[in-house]
Every structure is written in C-alpha cells, then in structure tokens.
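Only one structure is covered here, and it is reproduced in the block below.
Taken together, the values in this text are just the output of simple stated rules run on the coordinates, not laboratory data. Note that this is a predicted model, so its numbers are computed, not measured. Cβ sites come from the backbone with ideal geometry, for glycine too, and all protein chains shown count toward neighbours.
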Amino acid sequence: NGEVFQYFGHTKQFKVYEKEDDKVVLSETVETNEQGLSALADFLHEQTVSTMICGGAGGAHRIGN
C-alpha cells in the first residue's frame, strides 16, 4: 500500500526502481510469492537490486555479500 513494510522476511511485494543519471527511469512492483528470508535475498539478487530500504531484517540475519 505504498508503505515500507517493517519486516523483510515477510514481504509480499517490492517496489523496484531503476535510475540513470540520478533520475528514476523505471518503477515497478514485483511479487515475491511469499518466499522466506533466504529466498528473498536470492530473489533480490536476481532482480539486480543493489540497495534496499526496509523497516528491519532482524538482528541475526545478514543480507548480501
């Protein structure tokens, strides 16, 4: 609903933006099919996401490389 969800592992959708020259050139909402935490990290990697904004990912989890 246009809000940042508070827990990464339960996210149902991501809003993905592509930018060029500091301007947004593409915006789309992608469904996660309610995958779990580790699958979501792989999902974002497949989408070539380099930066993520979320409410929290939990204290015991490390997302990314």
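Please give me the summed charge of the neighbours of Asn33: other residues whose Cβ is under 13 Å from its Cβ, Lys and Arg +1, Asp and Glu -1. So the environment of Asn33 carries a net charge of -3. Computed extension length for Glu31-Thr51: 5.4 nm, one decimal, from 0.36 nm per residue of separation with the Cα-Cα distance subtracted.
Stretching Ala39 away from Lys19 to a fully extended chain increases their span by 4.7 nm, per 0.36 nm per residue minus the current alpha-carbon distance.
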